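The values are calculated or read from the model by the stated rules, or taken from the named source; none is laboratory data. These numbers come from a predicted model, not from an experiment. Methodologically, a virtual Cβ is constructed for each residue, glycine included, from the backbone with ideal geometry; neighbour enumeration extends over all protein chains shown. These area figures cover heavy atoms from the full protein model, side chains too; ligands, DNA and RNA do not enter into them. Shrake-Rupley method; radii C 1.70, N 1.55, O 1.52, S 1.80 Å.
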Amino acid sequence: MFDLQYIRSQFPILNQQVNGKPLVYLDNAATSQKPISVLDSWQKYYTEINANVHRGIHTLSQLATEEMELSRRKIQKFINAKNDSEVIFTKGTTEGINLIAYSLTNLIKENDEIIISYLEHHSNIVPWQMLCERTGAKLKVIPMDENGILQLDFLDENLSEKTKIVSVNQVSNALGIVNPIEEIIAKTRAKSDAFIVIDGAQSAPHFKIDVQKMDCDFFVFSGHKLYAPMGTGILYGKEDVLNKIQPFHGGGEMIATCSFEKTTYADLPFKFEAGTPNVGGNIALGAAIDFIENIGQEQLQNHENALLDYAQKRLLEIEGLKIYGEKAHRTGVVSFNLEGVGISSDVGMILDKLGIAVRTGHHCTQPIMNFFDIAGTVRASFAVYNTFEEIDILAEGVKKAQRMLS
Ligand code: C6P
């Protein structure tokens, strides 16, 4: 049974007043709060087994290694990777995409093409621009319409043997739009040998991921948006692809042999994990996966979808409120502006006074804001612990902001 009160009781941070009002935390796309089980797991590591991994013969080092490798296997299962060696710990989505872009450098040459979409976060734009600068490759962008729906005809016209990378997000952080990645992947596979990269920062926290079924080459996400500590993240890569590409960072742990003349690299996944990892965080990421699986992904998704539907209904009752991407298939996010209120942060500041945490501004997606000719939006984003009452409080808060600002 889905027990929302019990779930909320697992998040002590929610039980507080902000500016004299009960906290209504609706900034989950930026980062989610952490349940007691995750906090306990992190604390247990530092109070009982803190040691460096894969290095020591001593007991604590072995325990720390076992716990971190157990977490890797949980993540393997969570995303249905074929092997745990395909699961690489990173510090987040940004690092994951930069790792891929750097590691692919010597497979890309002048006039090759890299395709991304209009709906990308800066993290899935800038690393590819940098790769283009290094290699002379060209960046192409799948356009979108005024509902935020990607225009896939573009792929029919632009995919070719020149296309070397296609990198898109599964869910847009700015608008919550769920992109048709199955169709994008099928079209790409039919017309090119491009590497397919999926930015799962906003999808992994909300629905079941199956990287084998998806048939992507890479899938990246951040732990901190998925109830785990900051500074954690995952890069999944197909084994044969990971074996083909260069490591991003050089250093300890990633070598098989090292001499001044020549270094050979360790096997997967360690080839991509130079230096001391965030052991406590990586172990706690495993606890976050347990937390999600104990609730059940279907229950979690049903609740979040119901919240989104209710939020859309309540907000659209407000005259002069526009939701971006309203007509698209969305999850977890509602992004809006009030007519006559040019600065989204003014709304955000009033909501904050009412204890309501939302994000305002461009959400690290300036091209989307430019498309709509706006400086930013107010974005409310949901997690499994949010309630319908919180959405009522949001709607009343937005009405108050409208009265004050117009
Ligand atoms: N979006 C948001 O408020 P990092 O910062 O590395 O954990 O994730 C980057 C990133 C990449 N792709 C998408 C789709 C994202 O949403 C994010 C992070 C946050 O929307 C912080 S800007």
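Express the accessible area of the chain per residue in Å², computed with a 1.4 Å probe while the remaining protein chains stay in the model.
On the way: 17290 Å² over 406 residues.
Roughly 43 Å² per residue, with all protein chains present.
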> In µm²/s, what is D for the stretch 14-78 at 20 °C and 1.002 mPa s, where D = kT/(6 pi eta Rh) by Stokes-Einstein and Rh is the Kirkwood radius from Cα pairs?
Replying inline: 147
>> For the stretch 240-345, which GluC sites (Glu not before Pro) pass both filters: DSSP loop (anything but H, G, I, E, B) and at most 13 other C-beta atoms within 10 Å?
In response: 261, 317, 319, 339
>> Treating the stretch 104-186 as a set of equal point scatterers at the Cα positions, no solvent, please give the Debye-formula log₁₀ I(q)/I(0) at q = 0.12, 0.17, 0.22 Å⁻¹.
In response: -0.34, -0.67, -1.06
> Going by the alpha-carbon gyration tensor, a ≥ b ≥ c the square roots of its eigenvalues, is the stretch 322-363 rounded (a/c under 1.5) or, if a/c is not under 1.5, prolate (a/b greater than b/c) versus oblate?
Replying inline: oblate
> Where the centroid of each part is defined by its Cα atoms, how far is the stretch 280-294 from the stretch 185-219 in Å?
Replying inline: 23
> From the Cα gyration tensor of the stretch 358-406, with a ≥ b ≥ c the square roots of its eigenvalues, which class applies: rounded if a/c is under 1.5, or else prolate if a/b is larger than b/c, or else oblate?
Replying inline: oblate
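Plugging the Kirkwood radius over Cα pairs into Stokes-Einstein for the stretch 50-201, at a temperature of 20 °C and a viscosity of 1.002 mPa s, what D comes out in µm²/s? Can you show the working numbers first?
Numbers: Rh = 17.2 Å.
Reported coefficient: 125 µm²/s.
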> Per the 1.4 Å probe, what fraction of the accessible area of the chain, in percent, lies on carbon and sulfur atoms?
Replying inline: 51
>> Of all beta bridges DSSP finds with both residues in the chain, what is the antiparallel percent, to the nearest 5?
In response: 60
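Based only on Cα atoms, what Rg/Rh ratio does the stretch 283-394 have, Rh being taken as Kirkwood's radius?
1.01
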> Among all stretches of the chain without exposed chymotrypsin sites (Phe, Trp or Tyr not before Pro) (DSSP loop, at most 16 other Cβ atoms within 10 Å), which one is longest?
Replying inline: 3-259
>> Quick check: convex hull of the Cα atoms in the stretch 216-294, volume per residue, rounded to a whole Å³?
In response: 103
>> What's the whole-number percent of alpha carbon pairs in the chain lying beyond 38 angstrom?
In response: 23
>> For a quick check, take a GNM of the chain with Cα springs below 10 Å and name the residue from 312, 212, 366 with the largest mean-square fluctuation.
In response: 212
